[in-house]
C-alpha cells in the first residue's frame, strides 16, 4: 500500500467531511478521525465535535477547497461543451434518423429548453454589452 495521506476528504454534495488519518494505533488499524465539515460554495469550515483546527489543518483544508473549486469549474465547462456537442448530435438525429413518433415525443420539450436557453444567453450577452459600453 502506498503511503497514506495525513488528511482524507469525503466528498459530499456541497463540500466534504475532513478526516485526519491515523495509521498507527495499538491494533495496527487505520483510524480516520473527523475534524471538520467544509462547504465549498460558501467557504464555511465547521470544526467537528468542538475541535479547534490547527493552522496546518486550516491550510490543508483551504488548499483542498481551492483545488476542488477549480475542479468543479473545469467539470462545469466540460459539461457545457458536451451539451453543445449533444445539441449538434440531436439536430443531426432529428434531421436524419428520427421517426415522426420520436419527434412528436421530444419536440415540445426540446423547443422549450432551447427557448429558455436562448433567452438566458441573449439576456447575458446584452448585459455584457451594457457593461462594456459603460466601461
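Values quoted throughout were computed directly from the atomic coordinates according to the rules given, and no laboratory measurement underlies them. Because the structure is a prediction, the values reported are computed rather than measured. Neighbour counts run over all protein chains shown; Cβ positions are idealised from the backbone, glycine included.
Values as computed for the structure displayed
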item: Whole-Å distance, taken between Cα centres, linking region 1-70 and region 112-130; result: 40 Å
item: Burial ordering of 55, 130, fewest other beta-carbon atoms within 10 Å first; result: 55, 130
item: Neighbour-count ranking [beta-carbon atoms within 10 angstrom, fewest first] of 114, 32, 65; result: 114, 32, 65
item: Computed E for residue 117/residue 30 - FRET, C-beta separation, R0 35 angstrom, nearest 0.05; result: 0.15
item: Helix 100-134 vs. the chain, principal-axis angle (Cα, 0 to 90°, nearest 10); result: 70 degrees
item: Residue-averaged 222 nm ellipticity for the chain, from DSSP H runs of 4+ at -39500 (n - 2.57), nearest 500; result: -21000 deg cm²/dmol
item: Extended-chain gain in nm, criterion 0.36 nm per residue less alpha-carbon gap, residue 95 and residue 70; result: 5.2 nm
item: Fewest-first sequence of 64, 93 by Cβ atoms within 10 Å of each Cβ; result: 93, 64
item: With Cα atoms, 0 to 90° folded angle of helix 55-96 axis to the chain main axis; result: 20 degrees
item: Candidates 46, 97, 124, ranked by Gaussian network fluctuation over the chain, Cα under 10 Å, top entry; result: 124
